[in-house]
Structure formats: structure tokens, C-alpha cells
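Each remark here refers to the structure printed beneath this line.
Taken together, the values in this text are just the output of simple stated rules run on the coordinates, not laboratory data. Given the structure is predicted, the values throughout are model-derived calculations rather than measurements. All Cβ positions, glycine included, derive from the backbone under ideal geometry; neighbour counts span all protein chains shown.
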Amino acid sequence: MKGAFFMSTVSEVIDKWSKKAAPIEDVKETHTVDIVIVGAGLGGMVAAAKASELGSTLVLEKMPHIAAVRQAEWAFDSKFQRDAGQTFSAEERENIIGDLMRDDHWSMASQKVVTSFVDHSGALIDWIKPIIEKESDIRLEVEPGWGPYGVSYGKPGYPEPDWFVPLKKYMERNGAKILLNTRGVQLIQDGNGKVTGIIAKNGDGNYIRYNANKGVILTTGSFGKNQAMMEDFFPRYELYSHDMFYPESTGDGHIMALQAGADMESIAWGDSFLTSDVRYNNHTNSTSLADLVYWPAYACLPQLYVNENGKRFINEGGYKAGENPLFCDQANEMRIADGLFWQTPNNKAWSIFDDKNESKLDEKAKTQENGVLHIGGVTSSWPSHGINNHEKLDRDVQDGITVKADTIEELAVKIHMPVETLKATVSRYNEMCQQGHDSDFIKEPIWLNSIDTAPYYASRITSTPCCTRGGITIGPSGRVLDREGKDIKGLYAGGTTAGSALGWQTTINICIISQMFGWLAVQDAYGVLQKPVHSYEKMAEHA
Ligand SMILES: Cc1cc2nc3c(=O)[nH]c(=O)nc-3n(C[C@H](O)[C@H](O)[C@H](O)COP(=O)(O)OP(=O)(O)OC[C@H]3O[C@@H](n4cnc5c(N)ncnc54)[C@H](O)[C@@H]3O)c2cc1C
């Protein structure tokens, strides 16, 4: 059991969620297959496609549809990347594993599981690429925007191709079945605790028993929409004024696994973005961030951020560009969002900027390679005119999302902030901007733009999460572990239901990790999982 926040009560929390429900007796039918996969999201669909190659496969999905999916990926040493000219080495591999563990502060992630993820990621990409490309016109590309090991289906910013469609075609042709409107509700265990199947509730309200000869794989997503779980596992959860969790993320798999004796990481964390604290778009089933959150013009760029007392509290630019070699787009912004969450008492800050911030950024951008100020992120690169422009700013002011004033004093009054404190903060910030050196928070000079030209603006921003990290404890091939660290036979977890790989790091893309452990679980269940051999090892053998 890992974690720190609730150490004194951690056992109690896990005990509470592990209480067994009364066995469901009223079963209408029984069916038997090799593998049952619970949840047809990213983790479940990839696991099911693999399972369909090896034996009879059933996927249970509680929703009436299969969700669309994000497109970004990450992989180490796939043939596809090598063909594109990328090279890999033993040293790089160790650096990646080391960076991932450091990024997690060696807290929640298990190094064995992280290593397994890195070592198998290339093979996963090499397996999935021909399936997707044969069944559709979607093409996998090397994508430097997602970090040095980034690959993606289409480019970031373009409409996201739904590669569940080709995966579904593939698995159904191999004989796999997907049952929609069918919710997995209770695992079946034999006298030795081995999981032998699951009871599901179908759309007619009937309980059906599915025996699984090889295993049950839980890929039911995260638990962001289960308020009671969030209160127990997610520190300071009440500070979020809004979230982007999928509505179906209710932690069903976590709960079933806990009731079967599994261990769980005792805290969870989320991928969060900087967004407006005032306006949100309507929650839809879309996975596009733009459909869920609102970014006020200019406010989520690394401007001057102050807390409600008018004091600066953070390096608004986060990491230096290129400082962490594994960075994918968005990771830096997520860190700043985390900083805002932890460094303010209420997860709220005011972003302060002036009328000339755009032309100042334009000037700085001219000094950069390709004319782009880039730290990664949805909103934090410049130019980013789609989100940041003057017309939008005027609308934000009209809509009360951003406040406008002719002086800093007036701005402070309008946002109910101590006038003298805000004046002192702005004046200190301007002094450092003129010196080109932020001795208070060490923000990169490219983002230091003085606030000296009226009108002045303030927009309230916050950190908004989209999925939980922190889940059921697994081993390197997705086997669920009990509280003594032993396998629960027949039970696997993947996607965001599984913990042990994600931890606190926001460095690399969560999508590929979400796919990995269900995919490995299937191979483990059939006893066909191979030890990965990297290209540089093969070259050494042939030398
Ligand atoms: C708005 C948003 C934006 C994101 N952007 C990115 C991004 O840019 N890059 C990135 O890497 N990641 C991103 N993510 C995260 C990514 O979507 C998740 O990592 C991924 O979806 C997790 O896959 P999963 O299989 O664990 O869960 P999900 O994809 O959530 O799938 C879980 C499935 O299980 C089903 N289910 C739940 N309970 C049951 C049950 N009892 N029985 C049967 N079925 C059940 C659910 O209905 C769902 O279909 C984003 C997430 C959100 C919400």
C-alpha cells in the first residue's frame, strides 16, 4: 500500500471500500468464455483486440455506446520509430525509467511496472499500427509535439480520428463480442480467492453470469465521478469548482477489485489544466477539452498570477523549455495547474496582464526558433491566436469573465483585492521584467513582460482535472495484487483502473499507459507474454 496523505487512516479507507457486497443469487443465465473485459474504453478496446487473436472474448460496456478516444501516444523503440530514423540506446532507456520515477518522486508508481511499460511500449505500437492502418485510413505518425518519443494518429489540433472503429472491426471479425448497456457488478471467486468470472446486469435489468476460463480484466476507467471515493482518495478534492471527468468514471472496477481483496494506492491525483474559474462550456460526452472548459483570452498564458491577497505565488512558466526530455505537449501546463492547486488556499488565482501583452509576446516570439514561444500546453505557446486574441478579450470583458480597468488601483478594487498589495506586486514584477531576471520565482525571461500599459486586465483562473491517476495495485503484466503483494489469480486491471504505473508524473501521455496493461494482461493470461528485446540488444548480438 502506498501513499502519504492518509497514512494513519489508510487501512481504514481501504477496509471501508473492501467490504464485500452480498453475493448476487438471482442469476438468469450463465455463459462461459476465455476472457471477460469490463469496460470498452481505451484500455478495454486494446485488450479486447489482442484477446480476440487468442480465444473467445467478451467485452462488457455499461454505456449504450463506445466512447471516442484521444490520439496522442508515446513509445520507446518501436520498429515504426526506427524506420522513421529515430535511434534508441540502453542509456536512453534507463534515463527514461529514471526520469519517470523521479517525476513521481518515487511515491506511487512501482519501478517494475514503469519498466514493463517502457520496455513493452514499442511492441504495443508495432502490433496496433498495422491493425489500425489496415482497417482504416488513419495513419500513425512520429509526432515531436508530444515529446522526443511522441507518435500520434493525426496531428494535435486536427480533428481526432476515432481509431476505435477499426479496432472494433478487427476484434469482431476475430469473433469477439461487445455487449453494450451491460454493467459488470460483482466478481465471482472460488474458495481459494481465484477470480473465475463476473456477474453483469444487462439492459433489461437481469443478472447474467459470465465465467472466464483465462481471466477477467477490469478496464472501467477512473473514479472522478464517484464523490465518496474522491473524498476518501483525492486530497483537497473539494477545491475543484469544475471537472472534466467522463460521467461514467464511477470507479466500478476499483470497487469490484477491492471487494475481491485487491490493494489500491491510497491517494489519487489527476491530470489538470488551467482554465477559467468563471465559465465552463457544457459538459458533453466529447473528449475534446474545448467542449468542456473555457480558456479566457490571454489569461492562461504565463502572465502574472496572484492569489486572492494580491501576492505572486508561482513561476507561471513552469519548466524551462526542453528541461525535461520526456515532456509531451500539455505536461508543463499541467504542472503549473498543479502548482496553482497546491500553492493557493482555494485553487483560484487572478491572471493579470495589460493591453500590450500581445505585442510584447510577438516581439519575444521573433527571437525564438520558428518564431514560436513554446513551453508546450494547450494555451501556453505563442502565437496561439485561436484562444488568445483581442476580440475574444473584449467578449470576455463584456461577459464578466475578465475584468478591465484603467489603473491597477481600479483593477484591485474591482476584483476585491487589497489595493496596496496588488500595486506592490505589480511594481516588483515590472522591476524584474525590466531587469530580465525573475529573482523571486525564476520564470524564464521570455515570459517576463511588464504590466505597464492601460487598460489592465484580470481574469480568474483555476486548475481543473480530467482523469484520476491512482488505482488498483498491479504487477508488471497487469495482474491485480492483494494487500500482501500477492497475485489475485484470474484478475487483471488496465487503463486508469490500474495504479502502479501512473503515479504523480504528468510527463508522458496517459493514453499509451492506459492501453498497456490490459494488452499485457491478455498475453499473461494466455501464457504468451514475451520478454522484450530492444533493437540495440539485437544489434549487439549480431555484432
Ligand atoms: C476531457 C479529457 C481529455 C483527455 N485528454 C487526454 C489527452 O490529451 N491525452 C491523454 O493521454 N489522455 C487524455 N485523457 C485521458 C484519457 O482519455 C484516459 O487516459 C483514457 O480514456 C483512459 O482509458 P480507460 O480505458 O482507463 O478508461 P475510459 O476510456 O474512461 O473507459 C472506461 C470504460 O469503462 C466503462 N465502464 C465503467 N464501469 C463499467 C462497468 N461497471 N461495466 C462495464 N463498463 C464499465 C465506461 O463506460 C467506459 O466506456 C483525457 C481525458 C478526458 C476526460
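For VAL59, nonlocal amide neighbours, meaning residues 5 or more places apart or on other chains whose placed amide H falls under 5 Å from its own, are ILE37, LYS177, ILE178, LEU179. First obtain the Kirkwood hydrodynamic radius of the range 406-543 from its Cα pairs, then insert it into the Stokes-Einstein equation at 37 °C and 0.692 mPa s, and state the resulting D in µm² per second as a whole number. Estimated diffusion coefficient is 161 µm²/s. The Cβ shell under 14 Å around SER52 holds other residues with a net charge of +2, Lys and Arg each +1, Asp and Glu each -1.
Sequentially through the range 495-500, phi angles give Karplus couplings (6.51, -1.76, 1.60; θ = phi - 60°) of x, 7, 6, 8, x, 6 Hz, Gly and Pro residues having no value and appearing as x. Sequence-ordered 3J(HN,Hα) estimates for the range 516-525 from the Karplus curve with 6.51, -1.76 and 1.60 and θ = phi - 60° stand at 5, 7, x, 5, 5, 4, 4, 5, 5, 4 Hz, glycine and proline given as x.
To test your reading of the geometry: what angle, between 0 and 90 degrees and rounded to tens, separates the Cα axis of helix 90-103 from the longest principal axis of the chain? Once rounded, one gets 70 degrees.
For LYS364, the lysines whose Cα comes closer than 24 Å to its Cα, not counting residues fewer than 8 places off in the same chain, are LYS320, LYS356, LYS392, LYS443.
Please list the non-local residues whose amide H lies under 5 Å from the amide H of GLN189, H modeled 1.01 Å from N, same-chain partners needing a gap of 5 or more. Those lying under 5 Å, H to H, from GLN189 are THR196. Taking label positions 7 Å along the Cα-Cβ direction at both ASP482 and SER427, the computed distance is 6.7 nm, reported to one decimal. With loop membership from DSSP and a limit of 13 other Cβ atoms within 10 Å, the longest segment of the chain without GluC sites (Glu not before Pro) is 26-322.
Angle between the Cα long axis of helix 111-135 and the longest principal axis of the chain, 0 to 90 degrees, nearest 10? Helix 111-135 sits at roughly 80 degrees to that axis.
Over the chain, all Cα pairs binned in 20 Å intervals from 0 give whole-percent P(r) values of 22, 51, 24, 3, listed from short to long. Backbone phi angles across the range 38-51, fed through the Karplus curve with coefficients 6.51, -1.76 and 1.60 (θ = phi - 60°), yield HN-Hα couplings of 9, x, 9, x, 4, x, x, 5, 5, 4, 5, 4, 5, 4 Hz in residue order; Gly and Pro are listed as x. For ASP271, the residues whose amide H sits under 5 Å from its own are CYS466, CYS467, ARG469, ignoring neighbours fewer than 5 places away on the same chain, with H placed 1.01 Å from N. Placing unit charges on each Cβ (+1 for Lys and Arg, -1 for Asp and Glu) gives the chain a dipole about its Cα centre, and among GLN368, ILE35, GLN434 the Cα reaching farthest toward its positive end belongs to ILE35. Footprinting exposure proxy ranking of VAL528, VAL118, VAL397, fewest other C-beta atoms within 10 angstrom first, gives VAL528, VAL397, VAL118.
Taking other residues whose beta carbon is less than 12 angstrom from the beta carbon of GLU92, and scoring Lys, Arg as +1 and Asp, Glu as -1, yields -3.
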